[in-house]
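Notes for the one structure printed next.
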Amino acid sequence: MKKILFTFFALCLINLSFAQKTNSAIKITYLRSYNGKVNPNQDPLFLYASKDLSLITTDKIMQQKADLPFEQTFVDFKTKTILQLAQLKTNKLILNQDNEALEKQKFEFTTETKKILNFNCKKAITIVNSNKIEIWYTNELGLKGGPSVLGQDLGLVLETIRNGNSIVTATKIEYLKAVPTILSIPAVPEVDQLTYKDLLWKSRFINISVFNKEQIHFVNDAKSNDSVFRYASGTVIVRKIKFPEIKKGSSIYVDVTQQSNGDAYDRTGSVFMIPMDKKSSFLDGLKNGVKTLPVYENGNGKQYQGVAATDNYAPLLELMRFFTPFGVKHFNYLQLKNKVWQDSVFYRQDISLLQPKLSNQEVYIGMFIGNYDAGGHKASLNITIHEGEDNNPKGDFILPLFNTLNVMEMAGQEYATMFDNEKGLEMTFDVPQGYKNFKLSYTTTGHGGWENGDEFLQKKNTIFIDGKEVFGFTPWRTDCGSYRLSNPASGNFGNGLSSSDESRSNWCPGTTTNPNLIDLGNLSPGKHTIRVFIPLGKPEGTSSSAWNVSGFLIGER
């Protein structure tokens, strides 16, 4: 009898203990693993759960060590609501509530079971964006929650497996004596879901607005103002920009949005930085005329202004080469059956290599669109900085070498026809001590827009360093027809093609041109010579070909 009473008393204690645990709050620690290996140096996930609420957060957030914007997820089980709480970079808090997402989750339930942390778990499966998610949950604790919003209402999720290899597993459960204060929804401004996502996204990087819907056109009396300087009859705009300190390893992007404001033709465009670390700069030419720029000569009798580096001058450092399409936006009234024209063209390019030239610098950033139209184009330019993890702001060695794109075309700068003989474009440059693994960033496009012009002919580009060929290729784009919907004013031919469809020398109307990154190896300190050779096509009547090439040297510290 005593034995029976003792057993009954022990069971009561166990049940009482379990009841206390199910009625109190808990904290669960989760770790992530991939292909059976625990991710190193990870920020552990925490789940706080009570009868009414759950909270998904991380160790860094709890310790207030999250130096980037972050978000936490609450689930209110009484109202079946998922609440996203975000802290933006400005320390502003915003909240979004979704009272439909939880009930919209659909699962396939299996008969499989297994034990996790000594609790019996059941398995449910769901598909999210073509990803198979396996959810292991238990009902033995009388609470709900999980490391993500998936399966929160099933029970306590102790493991999720995505596509069989990405796993989040509970490694520790702590029973809390009282519901912690963190497990309460703060009173902060509520925004709709799209606004929430947009504000959180924008808070994760730095955006520098350089130009906003500026007109780039050809007029004799182009006026500058306090912030935007206009040159070459309004076809070049320049603004002085202060960049913050940028960590090495950060990602830097430049983007342009462009529309026709009256010009129907495809035009060369360029985003550039004006180096100011030499005695003279391209800005001198913009202000005082092309004749003030240093001249390059190849023996053909012509003078090419400001295209090559000298001891006292650095050419334009090109950030992006782009090409406007035929009349996007302004000529969208030229309708074709089943063609819906784009409203604008968006160009975006990674310029992270130029971090050492931008970090903690005040620089002149410019944009050029060659045209002879009074309406011209409307364009916006932004530069975004996405912070890396390397705290060293000092990057690699960057040396602008050449840029033959005649940005001052409408102010008399000579076209790049220096490739009409064996010398082509040739110059010397100095390599400093303390660098290795040199590369050349090389951008090239061919021009001459008639049947026999180099725009439509395949021409090999060859680069020599100290007389030795280091790179040779034939730049050519065959995908121009992909951008037909950006070209409403493109001419149509009798064979059914449009002019914008035609393959070209490394460019298409409505695209950017990617630079080539050429390995040069370990150049010795001191002077070296670089030569660019392209077999330039012969002029025909008043038509002539040209090659716009730009290049800068990169060396690893």
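The values are calculated or read from the model by the stated rules, or taken from the named source; none is laboratory data. All values reported here derive from a predicted model rather than from experimental measurement. Please note: Cβ atoms are built from the backbone with ideal geometry, for glycine as well, and neighbour counts cover all protein chains shown. Quick note on the areas: whole protein, heavy atoms, side chains included, nothing else; ligands and nucleic acids left out. Shrake-Rupley method; radii C 1.70, N 1.55, O 1.52, S 1.80 Å.
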- request: Scan segment 474-500 and report the pairs whose first residue is within 20 Å of HIS447 (Cβ to Cβ) and whose second residue is among the acidic types (Asp, Glu) and in a loop (DSSP other than H, G, I, E, B), with Cβ atoms within less than 7 Å and a gap of 6+ or a chain change.
  value: CYS480/GLU502
- request: Just give me the residues in segment 353-372 being of a type in the set (A, V, I, L, M, F, W, C), under 20 Å from LYS248 (Cβ atoms) and open to solvent by less than 40 Å² (accessible area, probe 1.4 Å), in sequence order.
  value: LEU354, LEU358, VAL363
message: Scan segment 373-380 and tell me whether some residue there is under 16 Å from VAL254 (Cβ atoms) and either open to solvent by less than 40 Å² (accessible area, probe 1.4 Å) or of a type in the set (A, V, I, L, M, F, W, C) (or both).
response: yes
message: Is it the case, given these coordinates, that GLY306 is closer than 30 Å to GLU422 by Cβ and in contact with a helix residue (DSSP H, G or I) (Cβ under 6 Å, 6 or more places away or on another chain)?
response: yes
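Conditions tested, residue by residue: (1) closer than 18 Å to SER545 by Cβ; (2) at pLDDT below 95; (3) in contact with a strand residue (DSSP E or B) (Cβ under 7 Å, 6 or more places away or on another chain).
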position: PHE456; (1), (2), (3): yes, no, yes
position: ILE463; (1), (2), (3): no, no, yes
position: ASP466; (1), (2), (3): no, no, yes
position: SER482; (1), (2), (3): no, no, no
position: SER486; (1), (2), (3): no, no, yes
position: SER499; (1), (2), (3): yes, no, no
position: ARG504; (1), (2), (3): yes, no, yes
position: ASN514; (1), (2), (3): no, no, no
- request: Scan ASP266, ASP277 and give me the residue that is closer than 25 Å to HIS528 by Cβ and either touching a residue at least 24 places away in the same chain (Cβ under 8 Å) or surrounded by 14 or more Cβ atoms within 10 Å (Cβ to Cβ) (or both).
  value: ASP277
query: Has segment 359-378 got any residue that is out of contact with any strand residue (DSSP E or B) (no Cβ under 6 Å at 6 or more places or on another chain) and aliphatic (A, V, I, L, M)?
result: yes
task: Would you please list the contacts, defined by Cβ atoms under 9 Å and residues six or more apart or on different chains, that run from a residue in segment 212-237 that is within 14 Å of MET408 (Cβ to Cβ) to a residue that is of a type in the set (Asp, Glu) and in a loop (DSSP other than H, G, I, E, B)?
output: PHE218/ASP263; PHE218/ASP373; SER233/ASP221; GLY234/ASP221
field: Residue check, LYS337 open to solvent by 60 Å² or more (accessible area, probe 1.4 Å) and over 20 Å from ALA309 (Cβ atoms)
entry: yes
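This table checks each residue for (1) at pLDDT below 95; (2) among the hydrophobic types (A, V, I, L, M, F, W, C); (3) within 16 Å of GLU214 (Cβ to Cβ).
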{"residue": "PRO325", "(1), (2), (3)": "no, no, no"}
{"residue": "LYS339", "(1), (2), (3)": "yes, no, no"}
{"residue": "HIS386", "(1), (2), (3)": "no, no, no"}
{"residue": "PHE397", "(1), (2), (3)": "yes, yes, no"}
PHE211 being within 31 Å of the chain's Cα centre (by Cα) and within 30 Å of GLY234 (Cα to Cα): yes
query: For segment 64-86, which residues satisfy the criterion of being modelled with pLDDT of 85 or more and closer than 22 Å to ASP43 by Cα?
result: PHE70, GLU71, GLN72, THR73, PHE74, VAL75, LEU83, GLN84, LEU85, ALA86
statement: Of the residues in segment 311-322, those that are out of contact with any helix residue (DSSP H, G or I) (no Cβ under 8 Å at 6 or more places or on another chain), in contact (Cβ under 8 Å) with a residue 60 or more places away in the chain and of a type outside the set (A, V, I, L, M, F, W, C) come to GLU318, ARG321
- prompt: What number of residues within segment 127-144 satisfy the criterion of being within 19 Å of THR73 (Cα to Cα) and part of a loop (DSSP other than H, G, I, E, B)?
  reply: 2
message: Just checking: which of the strands (runs of 3 or more DSSP E) contained wholly in segment 337-415 hold 2 or more residues that are under 18 Å from SER550 (Cα atoms)?
response: 345-350, 362-369, 397-403
message: Against the conditions (1) farther than 23 Å from SER441 by Cβ; (2) open to solvent by 10 Å² or more (accessible area, probe 1.4 Å); (3) touching a residue at least 40 places away in the same chain (Cβ under 8 Å), where does ASP350 fall short? Just the number, please.
response: (1)
query: What about VAL188, is it touching a Ser or Thr at 6+ places or on another chain (Cβ under 8 Å), in contact (Cβ under 8 Å) with a residue 40 or more places away in the chain and either under 20 Å from GLN84 (Cα atoms) or surrounded by fewer than 16 Cβ atoms within 10 Å (Cβ to Cβ) (or both)?
result: no
task: Among residues belonging to segment 145-180 that are within 12 Å of ILE133 (Cα to Cα) and assigned to a strand (DSSP E or B), point out the one that is farthest from the chain's Cα centre (by Cα).
output: GLU159
task: Check ARG321 against each of (1) charged (D, E, K, R); (2) open to solvent by 10 Å² or more (accessible area, probe 1.4 Å); (3) within 27 Å of SER250 (Cβ to Cβ); (4) within 22 Å of the chain's Cα centre (by Cα) and name the one condition it does not meet.
output: (2)
message: I'd like the full set of residues that are touching a Phe, Trp or Tyr at 6+ places or on another chain (Cβ under 7 Å) and on the phi < 0 side of the Ramachandran plot, limited to segment 229-247.
response: THR235, VAL236, ILE237, VAL238, ARG239, LYS240
- request: Identify the residue in segment 282-308 that is among the polar types (S, T, N, Q) and without any contact (Cβ under 8 Å) to a residue 40 or more places away in the chain and, among all such residues, is nearest to LEU536 (Cα to Cα).
  value: THR292
